[in-house]
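Here the structure comes first, spelled out in structure tokens, and everything after it is commentary.
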Amino acid sequence: MKRIILGIAIIAIMMFGISALAETDSTAAPAIEQTEVVAAGENMSEGPSVEELIGEEDMKEMEDFTNSGGFHNQLKTKFIEGTAGFMSLVALALILGLAFCIERIIYLTLSEINAKKLLADIEKKVETNDIEGAKDICRNTRGPVASICYQGLMHIREKMDDIERSIVSYGSVQAAKLEKGCSWIKLFIAIAPSLGFLGTVIGMVMAFDQIQEAGDISPTIVASGMKVALITTIFGIIVALILQVFYNYILAKIEHLTSQMEESAISLLDIIMKHKANA
């Protein structure tokens, strides 16, 4: 799973870098496009105008979208305006946090099984005194529920108190495995807005430095520093909100698996108790 986290983080960072390079390379494109448009306009001077073919309202909408550059370009612009240093740290917190979230979601999804069917198959094997067959079913089934059932069957010859103690102890180990990596997600949830607030403080300091250099309180000078401060704060809060949603989803899946483990442990103890009573 660590390799999955590392791979996701590397791919995300590479995609972010490629998009930034593409943005830099596209700066020369407007001049070329403008020349081509002029040449095309000269060749089409005898025909109807573009406004007549498309319509004035649609033409205005196209011009507004072209000038704005779309949501992706606007996001890049705000990212650069918020100073690349702190905004890169916020983006890195988002990438790493999402990598841990995706890894946990994949692990927890693969851990979910049909516990009722598993216990029904185990009960059939135990009733026929085929303990090894029941163990094989547990070994060939993924997830913590199967591991707990296998642990209980390993001690089936012992007393019920010892079997219960073994299942409870091993259940706590499996529960810890389910929560593995969640502390890192909580760390990135806390780091993202903290970095945004740090950028806010630095933006305010920049504004006061510029005011001191100019010797006058100008709205333009104050606005530039305040803009940096607000952008970093906004991005930090957005990153924290995104990670918080994923984290709550992960907690819900962990709670579901934990309750499934507890129910399965109780059912397994009942099966073993019946087997001992009939033996």
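Values in this text are rule-based calculations from the coordinates and carry no lab data. In this text the structure is predicted, and so the values were computed from the model without any measurement. Reconstructed Cβ throughout: ideal geometry from the backbone, glycine too, with neighbour counts over all protein chains shown.
Remarks
- Flag if I202 is under 29 Å from C149 (Cβ atoms) and touching a residue at least 60 places away in the same chain (Cβ under 8 Å): no
- Matching residues in region 98-111 - criterion: being closer than 20 Å to S147 by Cβ, of a type outside the set (F, W, Y) and surrounded by 15 or more Cβ atoms within 10 Å (Cβ to Cβ): E103, R104, L108, S111
- Hits in region 175-194 - residues which are in contact with a Gly (Cβ under 9 Å, 6 or more places away or on another chain) and either farther than 18 Å from L96 by Cβ or free of Cβ contacts under 8 Å to residues at least 24 places away in the same chain (or both): L187
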